[in-house]
Amino acid sequence: MRASLIALTAGLLLVSGLSYGQGRGEQIPSYTPTVTAFDKLPDWSGAWQMVGGTVFDRATQTGQGGAIDAGVREHPPYNAEWEAIYQKNLARRDKNQFPDVFTNCGVPAGFPRMFNLPDPYEFAIRPEESWILSENGPNVMRIYTDGRKHLPDQWETYTGDSVGHWEGDTLVFATIGLKGSRDGDSILDRTGLVLSDKSHGTTRIRKVNDNTLEVVMTIEDSKALTKPWVVTKQFRKLPVGTRLYDYGCAENNRNPVDEKTGKTLLLGPNGKPLNIN
Amino acid sequence: MKWIYKPVLALAIAALLGSVQPAAAHHSGAGFNSGKIIELKGTIKEFQFKNPHTWIQVLVDDGTGKITEWSLEWGSPNQLGRMGYRPSTFPAGAKVTVRLNPVRNGEPAGGFIAAKFEDGTTIGRWDDKVSPSAATP
């Protein structure tokens, strides 16, 4: 009886092992770490704040804040199919039926929205890796600079996988493995700007003066764009001693989204919606 | 007592651009009427100094003894904390006059603009040059 039980257990483990083994890629591809010496890296210490608003295409901004500038700015070179998707999202936005996914709390900003957030940032750099930390969210973007390559079978996530290197004082990295708007829970801004799961980017970050970091993203997307989309974001340095804090989005979120209408609600003191829209 | 006044558009835009914008970080501010500013006199019930946005709960007597609780949304506690504000900024029981952009449907809520305490201390973008031009119950 006991021997039968052991044999059965062994059999089950073997079967389960075989099933788990299917589709398994390399765990950690071999590579020889190579890094830039720490004393060769620039000083990006302190807290930083994105300059400008969080809407990429300001020509689409209506309502609060108004249309600041006429004309098209940072509008992605969409093909016809994705321009139609964007216009549909804009129309929903105008009816207050295109909620910002952030409003529900819990999903990362992803790339490239990672560089399009309010509230301060920190850029922590080390020879082998750099971390970009946003208070809003919070979000973290990891950039490996130790010579490793992307996984050949990288799956898609919000922020993707970033590997890069230093060119003097400029951090250069490639980001792949982005899910884009595939699941409907990742947008670039609250106008409804979206990219597809074929999007990927090359980013260059450098300090253009003591108080300004410049982030230039070149985004390609064979499914949604007709040519590379180049977006520049600048970040100004905040006063020395500036602190960053928790961003517990779900701590007291009184603006949940009504799943039936897509409208953003405002909860009164009794927890019931005031139906503001 | 509720005072409503309609400042010129430029003033409203300037107020929006210059003040802490609670709706900018977490959700759209489309529900707030940025073209209207309401002034209320009341008593602080609670200052919810929590993420993602702070909320100032104010009890307002309409003059007949009916008390309404208003919800005023402000910036994130992180943002406000860096500006020097604290959970104690609005102590419970304090008498206060507040200005806000009300929600569009008349519910007792809005985006906080500024406040003045009984001792004359002000919070936010209080502008004494702006006077109520009309009053409603």
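The values are calculated or read from the model by the stated rules, or taken from the named source; none is laboratory data. From a predicted model like this one, the values you see are computed outputs, not experimental measurements. So basically every Cβ, Gly included, is an ideal-geometry build from the backbone, and we count neighbours across all protein chains shown.
Every residue in segment A:167-180 that is of a type outside the set (A, V, I, L, M) and not in a loop (DSSP other than H, G, I, E, B), please.
The answer is A:E167, A:T170, A:F173, A:T175.
Just the residues that are surrounded by 11 or more Cβ atoms within 10 Å (Cβ to Cβ), assigned to a loop (DSSP other than H, G, I, E, B), away from every other protein chain (no Cβ under 14 Å) and modelled with pLDDT under 95, please, taken from segment A:52-79.
First pass over segment A:52-79, keeping only residues surrounded by 11 or more Cβ atoms within 10 Å (Cβ to Cβ): A:52-68, A:73-79.
Narrowing further to those that are assigned to a loop (DSSP other than H, G, I, E, B): A:52-57, A:61-68, A:73-77, A:79.
Narrowing the set further to residues that are away from every other protein chain (no Cβ under 14 Å) leaves A:56-57, A:73-77, A:79.
Selection gives A:F56, A:D57, A:R73, A:E74, A:H75, A:P76, A:P77.
For segment A:80-113, which positions are at pLDDT 90 or above, under 16 Å from A:T191 (Cα atoms) and among the aliphatic types (A, V, I, L, M)?
Of everything in segment A:80-113, those that are at pLDDT 90 or above, under 16 Å from A:T191 (Cα atoms) and among the aliphatic types (A, V, I, L, M) turn out to be A:A84, A:I85, A:A109.
Name the residue that is surrounded by the fewest Cβ atoms within 10 Å (Cβ to Cβ), counting only residues in segment A:222-276 that are without any contact (Cβ under 8 Å) to a residue 24 or more places away in the chain and of a type in the set (A, V, I, L, M).
Per the criteria, the residue is A:V230.
Hey, A:R190 hits all of (1) out of contact with any Asp or Glu (no Cβ under 6 Å at 6 or more places or on another chain); (2) within 23 Å of A:F56 (Cα to Cα); (3) among the basic types (K, R); (4) within 14 Å of another protein chain (Cβ to nearest Cβ) but one; which does it fall short on?
Against the list (1) out of contact with any Asp or Glu (no Cβ under 6 Å at 6 or more places or on another chain); (2) within 23 Å of A:F56 (Cα to Cα); (3) among the basic types (K, R); (4) within 14 Å of another protein chain (Cβ to nearest Cβ), A:R190 comes up short only on (1).
Name the strands (runs of 3 or more DSSP E) wholly within segment A:115-154 that hold at least 1 residues that are within 30 Å of A:R24 (Cα to Cα)?
On the way: elements: A:121-125, A:129-134, A:139-144.
Output list reads A:129-134, A:139-144.
Would you pick out the residues in segment A:218-277 that are of a type in the set (S, T, Y) and either within 11 Å of another protein chain (Cβ to nearest Cβ) or more than 29 Å from B:Q57 (Cα to Cα) (or both)?
Of the residues in segment A:218-277, the ones of a type in the set (S, T, Y) are A:218, A:222, A:226, A:232, A:242, A:245, A:247, A:261, A:264.
Selection gives A:T218, A:S222, A:T226, A:T232, A:T242, A:Y245, A:Y247, A:T264.
To keep it simple, each residue is scored yes or no on (1) touching an Asp or Glu at 6+ places or on another chain (Cβ under 7 Å); (2) of a type outside the set (D, E).
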| site | (1), (2) |
| --- | --- |
| A:I125 | no, yes |
| A:P138 | no, yes |
| A:T145 | yes, yes |
| A:D161 | no, no |
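I'd like to check which strands (runs of 3 or more DSSP E) are fully inside segment B:45-135 and have at least 2 residues that are over 13 Å from the mean Cα position of the chain (by Cα), surrounded by fewer than 19 Cβ atoms within 10 Å (Cβ to Cβ) and within 14 Å of chain A (Cβ to nearest Cβ).
Values: elements: B:55-61, B:67-73, B:95-102, B:109-117, B:122-124.
Qualifying strands (runs of 3 or more DSSP E): B:67-73.
For segment A:92-123, how many residues meet the condition of being more than 17 Å from A:K179 (Cα to Cα) and without any contact (Cβ under 8 Å) to a residue 60 or more places away in the chain?
Going through segment A:92-123 one residue at a time, the tally reaches 2.
Restricting attention to segment A:128-138, report how many residues are out of contact with any Leu (no Cβ under 7 Å at 6 or more places or on another chain) and either over 14 Å from B:N78 (Cβ atoms) or away from chain B (no Cβ under 14 Å) (or both).
The total comes to 4.
Would you say A:V257 is within 25 Å of A:E135 (Cβ to Cβ), β-branched (V, I, T) and in contact with an Asp or Glu (Cβ under 9 Å, 6 or more places away or on another chain)? Don't jump to the end; show me each part of the working.
Numbers: within 25 Å of A:E135 (Cβ to Cβ): yes; β-branched (V, I, T): yes; in contact with an Asp or Glu (Cβ under 9 Å, 6 or more places away or on another chain): yes.
Answer is yes for this residue.
Which one of these does B:E73 not meet: (1) modelled with pLDDT under 95; (2) acidic (D, E); (3) within 24 Å of B:D127 (Cβ to Cβ)?
With respect to (1) modelled with pLDDT under 95; (2) acidic (D, E); (3) within 24 Å of B:D127 (Cβ to Cβ), B:E73 is out only on (1).
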